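> First the structure, which I've put down as structure tokens, then a few questions once you've had a look.
The values are calculated or read from the model by the stated rules, or taken from the named source; none is laboratory data. For clarity, every value in this text was computed on a predicted model and none was experimentally measured. Glycine also receives a Cβ, built like all others from the backbone with ideal geometry; neighbour counts cover every protein chain displayed.
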């Protein structure tokens, strides 16, 4: 079971002088339960791509299959799909509008046609998943901190009981602790609850730490697809397309250039620390 | 010389019910004192809700203090007759470039500010030329801002502020919405303005790597300044920073972790080059 993009293409302003190819023949399959990162500079086609995945845009070429069925086939319920593939936009807290946190989270399931009882059950569960207890229920969403607001917005999508969640830069504008809290939360949803995650991010450090697999977009094409370690090994090519590797990767590679035998696929502080300590120990330089 | 002085600043966000009675008071700034040296590059860190943005808005006179005073170049921001001079002196750049751009083409947008305050046409064009050059956007002057990348838009917004001939620019998370390239361009641009034009910079950010080249770092918590020093002084206090929900750059973190485990490295490493220099002799085989 999976979501698949098959030869997906999208052209803005097709047939006009302003024709712009936002996606060119993109192919991939994301299996149930995967935690995938998506990176690419502004204008690389990331946003266009994720809007296809829950049917907000119709491709000008190719297809999207969800659990084996084309989402653009006749009679396919896009409404149902959007309940299954939840999309959390950038700055999702701008879409909060209810008078209190609980009502805001109830909005989604109620709209899907759930009973009052089911709606409230889902809302309570979703809020628990993002770590907001009952003391938040009656608070106005507008008086919460940036990180809390964002968690309410994510709960709003979770309450629809999606099988997959796509998050477009969920940590933009959050302080470092708030960023870690949100990403830890997302990781738990994936590891403990089996939710498939597609995480769009501008932070190479974050994707290196969290995702199992990384897709890289450039000029509407998918240019890399692999584990973060495999992808960041190509840091020079990533730089050429306006991206970079985590700072740690550069440190490790420059040490390697000086003849220090370190694993070239190290991408996180913890990995670098352990590798360097191991080496020092072997050389008897650590007391 | 001090370009900004704030004494005993208090600011409350007050929530009222429908009858206008006070329901809740949230103290955003709590008797804060700060002085900013003219021509310096100061970075402000602090978690969401620590009072950074409120401070920025008080410096620009968008908000007025409940208690205490802010002086910008000796002008009291609460003095209604001087408010336009205050805003001309201390320009402001916000997080979202799309909310700050109004012109149909880049050069019009940059000229909007000076035109609004009645600068003669010839002088406006001169300022537009200079400002676009200062942020490296001259070649885009006839373009539509809509077609620019986030980093380019943000540089146009900075040019718009530059055209007002400010002595100081306050930037409130100008890179939060940008990709790594855009981020680097914006940070390079403001350092350049600081160095070559002597503009005082107050940069509010959550990205620790953007802070290491500042002259001074201020950390805010609960409406107060809790840490104040050079980047090296601040980032040597890793645990304290983490308590304030902050972080350190990756190389600083790695060096700190290695030091904790007995590796003899200098106390606070901020740059990759420093770390390599200290690590190499240790890792090389005899």
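> Residue by residue through region B:93-110, note down the ones that are assigned to a helix (DSSP H, G or I) and at pLDDT 90 or above.
B:106, B:107, B:108, B:109, B:110
> For region A:258-270, what are the residues that are more than 7 Å from chain B (Cβ to nearest Cβ) and surrounded by fewer than 18 Cβ atoms within 10 Å (Cβ to Cβ)?
Residues satisfying the conditions are A:259, A:261, A:263, A:264, A:265, A:270.
> Condition (residue is out of contact with any helix residue (DSSP H, G or I) (no Cβ under 6 Å at 6 or more places or on another chain), over 24 Å from residue A:175 (Cα atoms), within 11 Å of chain A (Cβ to nearest Cβ) and in contact (Cβ under 8 Å) with a residue 40 or more places away in the chain) applied to region B:145-165: is it met by at least one residue?
yes
> Among the residues that make up region B:253-266, is at least one of them within 14 Å of chain A (Cβ to nearest Cβ), within 30 Å of residue B:68 (Cβ to Cβ), in a helix (DSSP H, G or I) and free of Cβ contacts under 8 Å to residues at least 24 places away in the same chain?
No, every residue in region B:253-266 fails to be within 14 Å of chain A (Cβ to nearest Cβ), within 30 Å of residue B:68 (Cβ to Cβ), in a helix (DSSP H, G or I) and free of Cβ contacts under 8 Å to residues at least 24 places away in the same chain.
For (1) facing another protein chain (nearest Cβ under 10 Å); (2) in contact (Cβ under 8 Å) with a residue 24 or more places away in the chain; (3) closer than 22 Å to residue B:250 by Cα, each residue gets a yes or a no:
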{"site": "A:198", "(1), (2), (3)": "no, yes, no"}
{"site": "A:215", "(1), (2), (3)": "no, yes, no"}
{"site": "A:235", "(1), (2), (3)": "no, no, yes"}
{"site": "A:240", "(1), (2), (3)": "no, no, no"}
{"site": "A:244", "(1), (2), (3)": "yes, yes, yes"}
{"site": "A:256", "(1), (2), (3)": "no, no, yes"}
{"site": "A:272", "(1), (2), (3)": "yes, yes, yes"}
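So that you can scan it fast, the table gives a plain yes or no per residue for (1) in contact with a helix residue (DSSP H, G or I) (Cβ under 8 Å, 6 or more places away or on another chain); (2) not assigned by TED's automatic domain parsing to the domain that holds residue A:45:
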{"residue": "A:232", "(1), (2)": "yes, no"}
{"residue": "A:235", "(1), (2)": "yes, no"}
{"residue": "A:238", "(1), (2)": "yes, no"}
{"residue": "A:253", "(1), (2)": "yes, yes"}
{"residue": "A:256", "(1), (2)": "no, yes"}
{"residue": "A:261", "(1), (2)": "yes, yes"}
{"residue": "A:264", "(1), (2)": "yes, yes"}
{"residue": "A:267", "(1), (2)": "yes, yes"}
{"residue": "A:273", "(1), (2)": "yes, yes"}
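> Also, I was wondering about something else. Could you tell me whether any residue of region A:204-212 is at pLDDT 95 or above, surrounded by 17 or more Cβ atoms within 10 Å (Cβ to Cβ) and assigned to a helix (DSSP H, G or I)?
Yes, because at least one residue in region A:204-212 is at pLDDT 95 or above, surrounded by 17 or more Cβ atoms within 10 Å (Cβ to Cβ) and assigned to a helix (DSSP H, G or I).
> Something else: Which residue, of B:16, B:87, is modelled with pLDDT under 95, closer than 12 Å to residue B:170 by Cβ and either surrounded by 15 or more Cβ atoms within 10 Å (Cβ to Cβ) or within 14 Å of chain A (Cβ to nearest Cβ) (or both)?
B:87
> Looking at (1) at pLDDT 90 or above; (2) assigned to a loop (DSSP other than H, G, I, E, B); (3) surrounded by fewer than 23 Cβ atoms within 10 Å (Cβ to Cβ), find the lone condition where residue A:131 falls short.
Of everything listed in (1) at pLDDT 90 or above; (2) assigned to a loop (DSSP other than H, G, I, E, B); (3) surrounded by fewer than 23 Cβ atoms within 10 Å (Cβ to Cβ), residue A:131 misses just condition (1).
> Right, another one. Any chance region A:71-85 includes a residue that's touching a helix residue (DSSP H, G or I) at 6+ places or on another chain (Cβ under 8 Å) and closer than 30 Å to residue A:239 by Cβ?
Looking through region A:71-85, none of the residues is touching a helix residue (DSSP H, G or I) at 6+ places or on another chain (Cβ under 8 Å) and closer than 30 Å to residue A:239 by Cβ.
> A further question follows. From B:263, B:186, B:170, which residue is modelled with pLDDT under 95 and crowded, with 22+ Cβ neighbours inside 10 Å?
It is B:186.
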